[in-house]
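For reference, the structure is listed below as structure tokens.
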């Protein structure tokens, strides 16, 4: 049996000894879509019959995949914070170095001024880079959270449609049962 997700992405199937990686949220949604598209149709209805266990299994896989995506976002934030710490430390080292050099060259006022200007520029550049990286990391995290929210909304919409179809089907079955018993009542009169 072929894996529809791997065939859509063009990847090779895993070898028997290779552990199967946890599916991504997108893969879970594609599996859910595939399950619904290939589900058996109900007679005289637009509804389909899907296994509750299959749907819940796919939702469980999606939920297990979410921590990985969140972990990746946290890793990016951690990397950004480490970069900021290193940039500040480097900036402080540069400032200290410039101060030490300036103290050794008190007689050369022009050299001291140039060293301070260079150190200030380096600090400014480091802080600018840190702000840019922080903004990029925050934009990435916001984008990932937006995708996550959209995915959850899609799952919720699919679930609501399925529940609505199921309720409609149950109402139709109840109406058919009532029509059947009404005919028996008419025959008795």
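Once you divide the Cα radius of gyration of the range 51-177 by 2.2 N^0.38 Å, the number left is 2.08. Note on the range 69-113 and the range 119-156: Cα centroid distance 22 Å, given to the nearest whole angstrom. Counting every alpha-carbon pair across the range 81-146, the share separated by more than 17 Å comes to 51%.
Compared with the direct C-alpha span, the chain from residue 164 to residue 45 gains 41.5 nm at full extension, assuming 0.36 nm per residue. A simple spin-label model places pseudo-atoms 7 Å from Cα toward Cβ; at residue 111 and residue 90 they are separated by 2.6 nm.
Going by average Cβ density within 10 Å per residue, which order do the peptides 40-46, 134-140, 25-31 take, highest to lowest?
Most protected by this proxy first, the peptides run 25-31, 134-140, 40-46.
Which order do 165, 131 fall in if you start with the one that has the fewest other Cβ atoms within 10 Å? Could you put the intermediate results ahead of the total?
Numbers: 165 17, 131 11.
Final ranking by Cβ density, sparse to dense: 131, 165.
Each reported figure results from applying straightforward, stated rules to the coordinates on display, with no laboratory input. Remember, predicted model here, so these are calculated numbers, not experimental data. For neighbour counting, all protein chains shown are included, and Cβ atoms are generated from backbone atoms with ideal geometry for every residue, glycine included.
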